[in-house]
1. So which residues in region 434-462 are closer than 16 Å to E533 by Cβ and surrounded by fewer than 22 Cβ atoms within 10 Å (Cβ to Cβ), if there are any at all?
2. Using the structure shown, decide if A424 is more than 16 Å from ligand 2 (Cβ to nearest atom), open to solvent by less than 10 Å² (accessible area, probe 1.4 Å) and without any contact (Cβ under 8 Å) to a residue 24 or more places away in the chain.
3. Among the residues of region 276-335, write down those that are on the phi > 0 side of the Ramachandran plot, of a type in the set (G, A, S) and open to solvent by 10 Å² or more (accessible area, probe 1.4 Å).
4. Scan region 398-408 and tell me whether some residue there is within 16 Å of ligand 1 (Cβ to nearest atom), in contact with a Leu (Cβ under 9 Å, 6 or more places away or on another chain) and not aliphatic (A, V, I, L, M).
5. Taking the condition of being in a loop (DSSP other than H, G, I, E, B), in contact with a Ser or Thr (Cβ under 9 Å, 6 or more places away or on another chain) and surrounded by 11 or more Cβ atoms within 10 Å (Cβ to Cβ), how many residues in region 607-640 meet it?
6. Between residues in region 407-420 that are closer than 14 Å to E337 by Cβ and assigned by TED's automatic domain parsing to the domain that holds C336 and residues that are near ligand 2 (Cβ under 8 Å from one of its atoms) and among the aromatic types (F, W, Y), which pairs lie under 6 Å by C-beta distance while being six or more apart or on different chains?
7. Do you know which of the residues in region 356-377 that are out of contact with any Lys or Arg (no Cβ under 8 Å at 6 or more places or on another chain) and open to solvent by 10 Å² or more (accessible area, probe 1.4 Å) is farthest from M652 (Cα to Cα)?
8. Out of all the residues in region 203-248, which are over 27 Å from the mean Cα position of the chain (by Cα) and touching a residue at least 40 places away in the same chain (Cβ under 8 Å)?
Amino acid sequence: MPRTRSAVPSPDPSAPSERAGTPVGPVRLGPDAHAALRPASASVRTGFWHARREANARTSIPQGPDLLESAGNLHNLRLAAGTAAGEFQGAYPFVDTDVYKWLEAAAWQLSQEQAKDLGAHVDRIIALVAGAQQPDGYLNTWFQLVKGGERYQDLRWGHELYCAGHLIQAAVAHHRATGRGELLDVARRFADNIDSVFGPPGSGRPIDGVDGHPEVETALVELYRETGERRYLDLAGYFVDRYGHGLLGGEAYCQDRVPLREATDVEGHAVRQLYLLAAATDLATETGDAELRAAAERLWQAMTTTKTHLTGGLGAHHEEEDFGDPFELPNERAYCETCAAIASVQWSWRMALLTGEARYGDLIERTLYNGFLAGVSLDGERWLYVNPLQVRDGHTDTGGDQSARRTRWFKCACCPPNVMRLLASLEHYLSSSDGQGLQIHQYVTGRYAAELDGAPVALAAETDYPWHGVISLTVEQTPADRPWTLSLRVPQWCREYRVRCGTEVYDQTDAPVTDGWLRLERSWAPGDQIVLELGLEPRLTAADPRVDAVRGCVAVERGPLVYCLEQVDHPDGGLDDIVLDTTRPLAVKHRPDLLGGVTTVVAAGRRREIPETGWWPYRSSASVPDAPEGGEPVELTAIPYYAWANRQDGSMRVWLPTS
Ligand code: FUB
Ligand code: ZN
């Protein structure tokens with residue numbers, strides 16, 4: 001798609017970007033966006049997500065500067081600036097992004113609290129980044145220090161534009177959060193350098209190419225949103241449309257096999273695919289491009305129906321960190337990179353804003369509570385890069401980045417600062433407004449607020465979700481003379497619910513729910529109360545029979561949480577011989593003492609008798625051999641999947657055999 005240039009006046013980038021009533025967060029739609037919804041403001045005050053965000057704010061983010069120092073990332077910036085001597089440190093060309101993602105996380109944190117120490121670290125690290133930038137705006141310590149300044153020659157693997165993307169996102173965050181423009185100046189100068197180099201044939205730019213790792217595209221859209229400079233949006237559009245034309249050798253791995261507009265399935269490296277789709281959705285939102293929107297909707301559908309693990313995790317192969325075939329959803333070898341879960345949330349949120357549909361909030365919820373949250377330990381100190389759904393008895397862990405054991409930091413440390421930035425900006429993904437009312441996508445204890453034609457509306461929320469299903473909302477602010485609609489997402493997993501709104505009570509048989517939204521249109525008054533009760537009966541979930549890896553198994557779920565067994569809770573043996581008795585009821589037991597306070601699900605099971613098979617693990621007979629019966633009864637204690645690997649090493653499983 002040829003790039004067009006148009007002159008849109010750009011606001012002064014050094015001016016505080018926070019306008020009254022405009023929420024601070026990663027996605028700020030342009031004034032003419034073709035979106036059904038716009039992000040609203042929210043705050044998280046206590047409860048489940050508050051605890052996770054506190055670990056992020058008090059432990060994960062504060063540890064960042066030391067970790068970036070000891071891993072050499074900051075040293076590389078000093079080397080590039082010429083203020084230190086030594087060798088480049090780090091194994092990958094994209095180590096600068098660990099710094100940028102940390103800066104982004106710190107910026108979102110600063111938007112919520114005055115934190116002097118954190119602010120000082122941010123200022124110091126921004127100065128290091130600025131010092132490393134070359135006079136013409138280029139910035140990449142690996143290429144400056146290791147590759148002798150040989151720029152843009154290794155687009156397939158070099159990650160130069162990927163790094164630029166994370167720098168831009170950090171800069172936008174810093175500008176939105178603090179109103180300060182130092183990092184935004186650095187990012188713009190790099191973006192301008194890229195814009196002067198990349199373009200389609202005939203554009204006068206020397207390189208027609210794309211990065212092997214999409215990321216800069218969604219960042220450029222956000223830079224356009226922040227600065228009003230149309231050429232950043234056009235550059236993003238050019239990049240998105242140049243994938244699939246063989247510029248990267250035609251490989252599915254880096255999204256180059258087929259143009260996105262023609263694609264019928266998600267494929268290749270999961271994070272790459274998802275960042276590209278986030279960018280396509282951003283572009284469809286800003287430009288009204290119906291073909292891109294249709295492609296994004298089609299691919300989201302394909303992904304969720306055939307390639308998503310129960311936890312919301314994405315990516316089936318360790319080898320290439322990529323999607324597998326439809327229904328190829330391995331269990332113990334599930335890849336489910338933490339970054340892929342984050343990218344999925346980012347993409348689904350953009351889809352929710354574009355379309356207004358509640359189903360995107362369903363996937364966001366599933367991913368946040370399970371595939372994403374498992375990526376960080378409860379204390380915020382250790383991480384998982386891959387998130388398998390089973391660890392076998394006798395598992396030999398070879399350590400390294402793809403270990404099934406939590407690790408303090410990784411050689412490829414993409415996931416930890418990515419978790420930090422999502423947790424620090426979580427409030428952004430909770431609610432929206434469409435001009436006619438407020439939509440609540442995710443339930444927290446805190447406050448949701450928006451402006452309807454300049455009039456503030458706000459609700460206080462109290463809930464013990466996900467342990468209890470009651471969500472109490474109180475109208476705090478509302479225009480007196482104008483009815484508006486409060487829309488509450490009723491999760492797709494929820495079979496029974498009830499809502500009380502003043503004297504009216506509805507349940508699943510008569511509630512005004514369409515497409516996942518329970519819509520309450522009223523003339524509201526301060527003090528009005530709405531109580532939503534979501535039934536949290538534990539349930540057994542089976543997979544589509546084409547998911548061979550878990551045929552004959554079920555998983556335990558309750559509300560938005562996927563459960564798993566951990567060996568530490570079953571000290572009399574391992575987990576590989578366990579069978580769940582599906583005829584016996586599941587019991588719920590809240591355990592304030594366990595894992596920071598979790599609701600467990602207790603089930604009846606048995607330890608299967610393992611038949612003698614002789615010299616190898618197979619049995620043959622003329623007819624299909626019977627599944628072994630009998631075995632010792634055993635009480636099974638299932639914990640939320642996100643909390644696994646926080647005690648001692650051992651086996652774990654989500655999918656439980658039923659025979
Ligand atoms: O290539 C940069 C990042 O490293 C990817 O997003 C992750 O999957 C990891 O490979
Ligand atoms: Zn990662």
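The values are calculated or read from the model by the stated rules, or taken from the named source; none is laboratory data. As the structure is a prediction and not an experimental result, all values here were calculated from the model. Neighbour counts are summed over all protein chains in view; Cβ atoms, including those assigned to glycine, are modelled from backbone coordinates with ideal geometry. Side chains are part of the model used for accessible areas, which takes the heavy atoms of the whole protein and leaves out ligands, DNA and RNA. Shrake-Rupley method; radii C 1.70, N 1.55, O 1.52, S 1.80 Å.
1. So the first thing to find is which residues in region 434-462 are closer than 16 Å to E533 by Cβ, and the list is 440, 443, 445, 461-462.
Passing the criteria: T445, E462.
2. Working: more than 16 Å from ligand 2 (Cβ to nearest atom): yes; open to solvent by less than 10 Å² (accessible area, probe 1.4 Å): yes; without any contact (Cβ under 8 Å) to a residue 24 or more places away in the chain: no.
The answer is no for A424.
3. Taking region 276-335 and keeping what is on the phi > 0 side of the Ramachandran plot, we get 288, 312, 315, 321, 327.
Okay, now just the ones that are also of a type in the set (G, A, S), so 288, 312, 315.
Residue satisfying the conditions is G288 alone.
4. We begin by selecting, within region 398-408, every residue within 16 Å of ligand 1 (Cβ to nearest atom); these are 400-403, 407.
Imposing the further condition that a residue be in contact with a Leu (Cβ under 9 Å, 6 or more places away or on another chain) reduces the set to 403, 407.
This time we only want the ones that are not aliphatic (A, V, I, L, M), so: 403, 407.
Yes, that holds for at least one residue.
5. Here is the first cut: in region 607-640, the ones in a loop (DSSP other than H, G, I, E, B) are 608-631.
Among the residues that remain, those that are also in contact with a Ser or Thr (Cβ under 9 Å, 6 or more places away or on another chain) are: 608, 619, 627-629.
From the residues that got through so far, the ones that are surrounded by 11 or more Cβ atoms within 10 Å (Cβ to Cβ) too are 608, 619, 627-628.
Result for region 607-640: 4.
6. Within 6 Å, the pairs are F410/Y385; C415/Y385.
7. Among those residues, the one meeting the criterion is G356.
8. Of all residues in region 203-248, those over 27 Å from the mean Cα position of the chain (by Cα) come to 203-209, 229-231, 245-247.
S203, I207, G209, E229, R230, R231, L247, listed by residue number.
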